[in-house]
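Read the structure below first, then the notes.
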Amino acid sequence: MIHFCTLFDQGFLGRGLLLLESLREHCPNFHLHILGLDDHVYDYFLTYPDPRVTPVRLAELERTAPELQQCKQNRSQVEYYFTLSPYFPQYILNQTPALELVCSIDADLYFFSDPTPLFSDFFRYSILITRHHFADGEESEKATGHFNVCFQAFRNDATGRACLEKWRSQCAAWCYNHFDEEHNRFADQKYLDSWPQDYAGKVKIIGDATTNLAPWNTNRYIITERQGKVFSDENPLVFFHFSGIRILNWHWIANSFHWYGTRPQKTLLKHVYGTYLTRLIQMETHLARIGSGRRHVRSSVTHLIELLSALIKNKAVFYRTKSGRLLYFNFGKIHLITQSIRRSAWLNLFP
């Protein structure tokens, strides 16, 4: 059994549930540990229990690591969440010493095929990390790191635990959302750059055409679809990282393509983003109906400014028409993504 762990707050509950749904669909033998960054997430999984899910309160994790109280005071909320990256997998191994390994994943990942083969030879290693593979080569990696903290695994052995302990100490001391050129640090990510040398022979590196496809690297690969399955460079896509998606209002969804100059292929839009956004809308609608979703404020000044900026600068945005079709706008072109998403699926999201 593969033990995964992730963390998110109420704002990401819909995405976290999609992550769980994709694991149910594609991974035959898994367990997901979820750190609720607020009580709402923890209470959701108490109300709707799943035998494959173990929810953990943030307060419980903080009880085992008193230094986190100081961290919470000297960094922003997102920086505090970054700080927790090594803490939660370490907590799981400490609480369940019999576990063979734990794999920490981002809540905005979505699996399109079984991730089990990624661990087929992991008995040779103690640590697994994931390359960014930016489309522009290593230029972007100078600031953010060679590796993306989205999918990393640690074997329950001396090397895996030593790595987690050192990473925990580093993040507790410094974990801020900017590049510190003097000390070569960025959030929780740049610390991973030295792992292949620090733990030589014990680190497995993934991040190719099938793993951690994301807005910053999709230009590298050819995305196709055959008989309902998505392929990247002729291999089944394992997981996609839907980083940067923001629901601005009931018509508009922003994404992060423009940050990386990505010109997405039609197949990527229809069978990757189309699949995910349709299910995300349906999930958010369900959560709103049962009183568990975060209601988006249509008149939010921040969202209005972001939308106007996207339109003025011709950035990549998704748009849902009154008839329920999902369209994609980018670089003066319009693509039809889905034929119909029920209007009620959007109206229920907003007051």
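Each residue in region 1-57 was checked for being open to solvent by 20 Å² or more (accessible area, probe 1.4 Å), in a strand (DSSP E or B) and of a type in the set (S, T, N, Q), and 1 of them qualify. Considering region 234-244, the residues that are touching a strand residue (DSSP E or B) at 6+ places or on another chain (Cβ under 9 Å) and open to solvent by 10 Å² or more (accessible area, probe 1.4 Å) include one that is nearest to LEU118 (Cα to Cα), namely VAL238. Going by the structure shown, is PHE231 crowded, with 20+ Cβ neighbours inside 10 Å and at pLDDT 95 or above? Yes; evaluated as a whole, the condition is true for this residue.
The single condition among (1) modelled with pLDDT of 95 or more; (2) out of contact with any strand residue (DSSP E or B) (no Cβ under 9 Å at 6 or more places or on another chain); (3) assigned to a loop (DSSP other than H, G, I, E, B); (4) under 17 Å from ASN212 (Cα atoms) that ASP114 does not meet is (2).
Looking at ASP136, ASP121, just one residue is open to solvent by less than 50 Å² (accessible area, probe 1.4 Å) and either more than 20 Å from PRO215 (Cβ to Cβ) or not aromatic (Phe, Trp, Tyr) (or both), and that residue is ASP121.
A count restricted to region 161-195 and to residues that are open to solvent by less than 20 Å² (accessible area, probe 1.4 Å) and out of contact with any strand residue (DSSP E or B) (no Cβ under 7 Å at 6 or more places or on another chain) stands at 6. The set of residues in region 250-276 being among the polar types (S, T, N, Q), within 12 Å of VAL317 (Cα to Cα) and surrounded by fewer than 19 Cβ atoms within 10 Å (Cβ to Cβ) consists of SER256 alone.
If you go through region 155-199 and keep only what is under 22 Å from the mean Cα position of the chain (by Cα), more than 19 Å from LEU93 (Cβ to Cβ) and in a strand (DSSP E or B), you end up with PHE179, ARG185, PHE186. For region 254-351, give me every one of the helices (runs of 4 or more DSSP H) that falls completely inside it and has 1 or more residues that are basic (Lys, Arg) and modelled with pLDDT of 80 or more. Counting at least 1 such residues, we get 274-289.
The values are calculated or read from the model by the stated rules, or taken from the named source; none is laboratory data. Treat the numbers as computed from the prediction; the structure is a model and nothing was measured. Neighbour counts run over all protein chains shown; Cβ positions are idealised from the backbone, glycine included. Protein only, heavy atoms only, side chains kept; ligands, DNA and RNA dropped before computing areas. Shrake-Rupley method; radii C 1.70, N 1.55, O 1.52, S 1.80 Å.
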